[in-house]
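Colleague: Got a structure for you, written out below as structure tokens; questions coming shortly.
The values are calculated or read from the model by the stated rules, or taken from the named source; none is laboratory data. Just so we're clear, the structure is a prediction, and the values are computed from it rather than from any experiment. Backbone-built Cβ (ideal geometry, glycine too); neighbour counts: all protein chains shown. Note: accessible area is taken over every heavy atom of the protein model, side chains too, but ligands, DNA and RNA are not part of it. Shrake-Rupley method; radii C 1.70, N 1.55, O 1.52, S 1.80 Å.
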Amino acid sequence: METVAFLEHLQKHPSYKNQITHVAQIASREPSYGELAEPLHPTLLSYMEAAHLIPLYSHQAQAINVVRSGKNAFVVTPSASGKTLCYNVPILDTALREKRSCALYLFPTKALSQDQFRGLRELFDFHQPSSQLPGFSGLECAIFDGDTPTQERGEIKRLARLVFSNPDMLHLGILPHHESWSRFLRQLRYVVVDEAHVYRGVFGSHVANVLRRLRRLCALYGANPQFICCSATIANPGEYIEQMVGLPFEVIDEDGSPYGGKDFVLWNPPIIDQAGATRRSANTEATLLFTELVSSGQRTITFARSRKLTELIYIYSRDQLAKESAALAQRIKPYRAGYLPEERRQIEHQLFDGELLGVVATTALEIGIDIGNLDATILTGYPGSIASTWQQAGRSGRRGERSLSFLIALDNPLDQYFMRHPEAFFGRSCEHVLINQTNPYILKHHLLCAAWERPLDDKDGDIFGAGFAKARDDLMVEGLIRDRQRKWYPSPRVKYPANEVNIRSASSDRYTLVDVSQGYEEMETVEAAVAFFQIHPGAIYLHQGEAYLIDKLDIPSRTAYACPIDSNYYTQTKDITDLSISKVNTEKQLGGVRVHLGEVSVTTTVVGFKKLRQLTEEVIGEEPLDLPSQTFSTIGLWFDIPQHIIMQLVTRGLDLAGGLHATEHAAIALLPLFALCDRNDIGGLSTPAHDDTGSAQIFIYDAYPGGIGITEKGFEIIDELWLVTLQAISGCPCESGCPSCIQSPKCGNNNEPLDKGAAKVILETLLGC
């Protein structure tokens with residue numbers, strides 16, 4: 001792609017208002033090759049030579065050598081670097097030499113599992129009698145997930161040697177039925193965990209326990225499989241993967257693949273209100289860039305943050321392109337979760353074959369799936385992590401040609417920080433991936449599942465870690481397991497516990513959403529922890545891209561009643577939070593400031609909601625709500641505001657409460673710079689005089705029961721967090737605060753009080769500036 005020429009074209013466009021704040025020209029790179037310590041099986045080598053996969057890139061050769069030496073391997077390299085061969089080569093080489101060896105492939109989504117399955121079969125011609133390269137006879141490979149027909153499952157259990165699945169199916173459909181998988185588990189040599197960076201927070205903490213349950217059952221059948229894991233680049237690969245699996249790993253992170261180079265553009269929507277620093281909608285900017293790229297014949301993906309915005313950007317782009325050419329408007333489509341599998345496959349093939357020029361997608365297309373050679377990617381808002389940003393941007397230029405990527409900033413502190421500090425974006429390493437495998441709210445569920453699969457014993461403490469004994473004892477107190485001669489069995493009232501555990505959420509407590517217009521047909525379930533935020537009375541809820549109005553929420557029966565609506569607005573809740581300190585775990589002194597980390601109890605009450613017009617985000621109404629409070633225990637950090645800072649604020653006539661509140665908002669918004677998390681994974685509270693301490697305090701806490709490791713990381717880097725928070729607030733051109741610096745869309749107090757000047761004084765003094 002002629003990236004420079006296209007950028008010059010944009011700068012001449014009538015809608016161009018100096019949106020380009022920075023262009024990083026990322027250089028191309030030649031490949032680096034490596035050698036294998038031992039030759040491959042001749043049959044496998046023949047296939048690879050025919051597919052032009054020899055010579056191997058250096059990281060591929062290193063990973064294969066590590067696996068063949070008997071170690072667990074973690075390959076951490078960018079998108080499109082050929083990580084798939086790092087696991088397929090040693091697995092197939094072993095399969096050809098050991099006629100009963102098996103491997104389990106785990107992918108985070110069914111779509112990716114199916115894509116990798118097709119790719120393996122196409123590459124190695126499985127079950128093709130006329131193949132010119134025979135030798136794989138007897139190597140049955142199969143997909144085993146929720147879409148696998150019942151009549152095929154028995155044959156897969158009896159015959160398959162390579163099984164493609166996902167952690168959900170492993171948890172629900174394989175481990176509880178391990179007796180019927182005994183052949184497979186007994187011969188299991190390898191477990192592949194691809195796109196491992198996806199397993200973070202609550203989901204990752206669940207998956208870590210699922211993998212321990214797998215290891216436990218493999219030991220029962222005399223197997224000790226090796227793990228081959230792959231990930232996009234992250235900051236703490238060794239620490240993370242050993243927490244995830246519970247075994248030692250060797251990390252391979254030197255990428256030897258070629259790279260065609262990229263122009264990466266930071267694009268900031270123009271200010272339309274100087275006083276408030278309000279900017280033009282990022283969705284409007286995405287429509288402009290997408291239609292210009294498609295009109296120029298450039299194959300493009302635009303990533304949007306939600307299903308709703310995916311559809312809206314697509315509609316606006318389609319209508320804009322139709323003015324130019326009806327045929328051109330037919331060459332773009334939306335792509336998101338919620339579509340039928342066959343619809344998604346059709347779009348993937350159309351994009352791969354060049355029939356489509358553009359797709360507007362959610363993160364459903366971020367990982368793995370091969371969609372061919374693309375010229376450009378547009379990211380509508382910072383995806384929440386450096387890792388995800390490069391993962392999405394890496395979807396263009398996947399065949400070695402030079403490509404173009406745009407990051408369109410949203411009106412929030414983190415996006416605007418990057419626009420003003422491009423060096424922080426391009427110079428920053430990826431974030432730490434954080435999990436908390438011993439979170440008691442998660443571990444207890446998996447110990448009950450493990451007891452169902454095989455009675456617990458004292459040796460299981462070596463597998464499940466330090467929280468094992470307490471979680472086991474808690475299950476006994478609750479009457480869910482019973483002790484028989486130091487073995488713990490499920491009590492008779494426990495029925496298939498895996499079915500009660502959703503591994504993608506912190507709680508199994510859920511609300512049912514029903515469609516009143518379809519005879520009260522069940523639509524989906526919603527976690528109880530977020531139900532009051534998403535399905536409160538009056539909420540606009542999206543289900544498979546369609547808008548529904550929540551008419552009624554019946555709390556005792558855990559049921560929400562919805563009806564379809566043609567809505568031009570969406571809803572956003574307002575809440576208030578109370579917090580009490582339960583226990584101080586550790587403290588440290590930074591200058592004259594005391595910083596604490598410990599256990600806190602958080603009580604949240606949803607008090608109302610706002611109606612915001614789509615795209616413009618104009619507030620068109622507010623309504624109160626009367627809902628019960630929700631309380632949970634978690635991990636938090638907090639720091640004292642010394643008296644001399646308070647006196648400075650008083651002397652300058654600044655608002656202490658407003659300064660604390662502004663600092664809290666901005667710090668929460670910027671913590672995802674350091675930890676792989678979303679702003680919604682974190683909560684906060686600020687007060688001039690907290691009930692437990694009598695002092696001015698700012699709290700930041702994990703927004704999940706038991707914590708998931710985010711605030712521990714925040715405690716570790718608190719001085720760095722203060723610095724970037726000060727830079728974000730000081731660098732914003734607004735007069736008194738705006739969504740780009742200190743206002744929060746989650747604030748239950750309607751962003752009042754806020755004092756930008758006071759926040760600057762607080763942070764400058766904390767840092768000793």
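Colleague: Scan region 716-757 residue by residue and report those that are among the charged types (D, E, K, R), within 24 Å of the chain's Cα centre (by Cα) and either under 22 Å from E431 (Cα atoms) or surrounded by 23 or more Cβ atoms within 10 Å (Cβ to Cβ) (or both).
Modeller: E716, E720
Colleague: Go through the residues of region 629-641 one by one and say whether even a single one is of a type outside the set (V, I, T), farther than 24 Å from P383 by Cβ, in a helix (DSSP H, G or I) and open to solvent by 50 Å² or more (accessible area, probe 1.4 Å).
Modeller: No, there is no match, as no residue in region 629-641 is of a type outside the set (V, I, T), farther than 24 Å from P383 by Cβ, in a helix (DSSP H, G or I) and open to solvent by 50 Å² or more (accessible area, probe 1.4 Å).
Colleague: Residues in region 1-22 that are in contact (Cβ under 8 Å) with a residue 24 or more places away in the chain and either farther than 24 Å from S81 by Cβ or of a type in the set (D, E) (or both): how many?
Modeller: 13
Colleague: For region 412-459, what are the residues that are touching a residue at least 60 places away in the same chain (Cβ under 8 Å) and hydroxyl-bearing (S, T, Y)?
Modeller: Result: Y417, S429, Y441.
Colleague: Going through region 333-344 one residue at a time, which ones are open to solvent by less than 30 Å² (accessible area, probe 1.4 Å) and either modelled with pLDDT of 75 or more or in a helix (DSSP H, G or I) (or both)?
Modeller: Within region 333-344, P334, Y335 meet the criteria.
Colleague: So, one more: When region 227-251 is examined, which residues are found to be over 14 Å from R212 (Cα atoms), touching a helix residue (DSSP H, G or I) at 6+ places or on another chain (Cβ under 8 Å) and surrounded by fewer than 23 Cβ atoms within 10 Å (Cβ to Cβ)?
Modeller: T233, F249, E250, V251
Colleague: Can you find even one residue in region 560-579 that is aromatic (F, W, Y), in contact (Cβ under 8 Å) with a residue 24 or more places away in the chain, open to solvent by 20 Å² or more (accessible area, probe 1.4 Å) and out of contact with any Phe, Trp or Tyr (no Cβ under 9 Å at 6 or more places or on another chain)?
Modeller: Yes; the residues of region 560-579 include at least one that is aromatic (F, W, Y), in contact (Cβ under 8 Å) with a residue 24 or more places away in the chain, open to solvent by 20 Å² or more (accessible area, probe 1.4 Å) and out of contact with any Phe, Trp or Tyr (no Cβ under 9 Å at 6 or more places or on another chain).
Colleague: Let me ask something else about it. Given the options V607, V593, V602, V584, name the one that is surrounded by 14 or more Cβ atoms within 10 Å (Cβ to Cβ), of a type in the set (A, V, I, L, M, F, W, C) and within 26 Å of I645 (Cα to Cα).
Modeller: Among V607, V593, V602, V584, only V593 is surrounded by 14 or more Cβ atoms within 10 Å (Cβ to Cβ), of a type in the set (A, V, I, L, M, F, W, C) and within 26 Å of I645 (Cα to Cα).
Colleague: So, in region 313-332, of the ones that are open to solvent by 10 Å² or more (accessible area, probe 1.4 Å) and in contact with a strand residue (DSSP E or B) (Cβ under 9 Å, 6 or more places away or on another chain), which residue ends up farthest from A286 (Cα to Cα)?
Modeller: If we take residues in region 313-332 being open to solvent by 10 Å² or more (accessible area, probe 1.4 Å) and in contact with a strand residue (DSSP E or B) (Cβ under 9 Å, 6 or more places away or on another chain), then R331 is farthest from A286 (Cα to Cα).
Colleague: Against the condition modelled with pLDDT under 90, small (G, A, S), closer than 28 Å to E242 by Cβ and not in a helix (DSSP H, G or I), how does A80 come out, does it pass?
Modeller: So A80 passes the test.
Colleague: For region 504-523, check the following and say yes or no: at least one residue is under 29 Å from G709 (Cα atoms), modelled with pLDDT of 90 or more, open to solvent by less than 70 Å² (accessible area, probe 1.4 Å) and out of contact with any Asp or Glu (no Cβ under 9 Å at 6 or more places or on another chain).
Modeller: The answer is no; no qualifying residue exists.
Colleague: Quick one: how many residues across region 53-85 are surrounded by fewer than 19 Cβ atoms within 10 Å (Cβ to Cβ), more than 16 Å from A196 (Cα to Cα) and touching a residue at least 24 places away in the same chain (Cβ under 8 Å)?
Modeller: Number satisfying all stated conditions: 6.
Colleague: Follow-up question, since we're still on this one. Could you check G297 against (1) of a type outside the set (S, T, Y); (2) touching a strand residue (DSSP E or B) at 6+ places or on another chain (Cβ under 9 Å); (3) farther than 18 Å from T84 by Cα; (4) in contact (Cβ under 8 Å) with a residue 60 or more places away in the chain and say which number it fails?
Modeller: Of the numbered conditions (1) of a type outside the set (S, T, Y); (2) touching a strand residue (DSSP E or B) at 6+ places or on another chain (Cβ under 9 Å); (3) farther than 18 Å from T84 by Cα; (4) in contact (Cβ under 8 Å) with a residue 60 or more places away in the chain, the odd one out for G297 is (2).
Colleague: Would you be able to say whether some residue in region 185-196 is out of contact with any Leu (no Cβ under 9 Å at 6 or more places or on another chain) and in a helix (DSSP H, G or I)?
Modeller: Yes, some residue in region 185-196 is out of contact with any Leu (no Cβ under 9 Å at 6 or more places or on another chain) and in a helix (DSSP H, G or I).
Colleague: Considering only residues of region 433-446 that are touching a strand residue (DSSP E or B) at 6+ places or on another chain (Cβ under 9 Å) and buried (at least 24 other Cβ atoms within 10 Å of the Cβ), which is nearest to P269 (Cα to Cα)?
Modeller: Top of the filtered list is V433.
Colleague: While we're on this one: So P672 ticks every box in (1) of a type outside the set (G, A, S); (2) in a helix (DSSP H, G or I); (3) more than 24 Å from T605 (Cβ to Cβ); (4) modelled with pLDDT of 95 or more but one. Which box is left unticked?
Modeller: Only one criterion is unmet by P672, namely (4).
Colleague: If I ask for residues that are farther than 22 Å from T3 by Cβ and either among the small types (G, A, S) or at pLDDT below 75 (or both), which ones from region 345-365 would you list?
Modeller: Answer for region 345-365, where residues must be farther than 22 Å from T3 by Cβ and either among the small types (G, A, S) or at pLDDT below 75 (or both): just A364.
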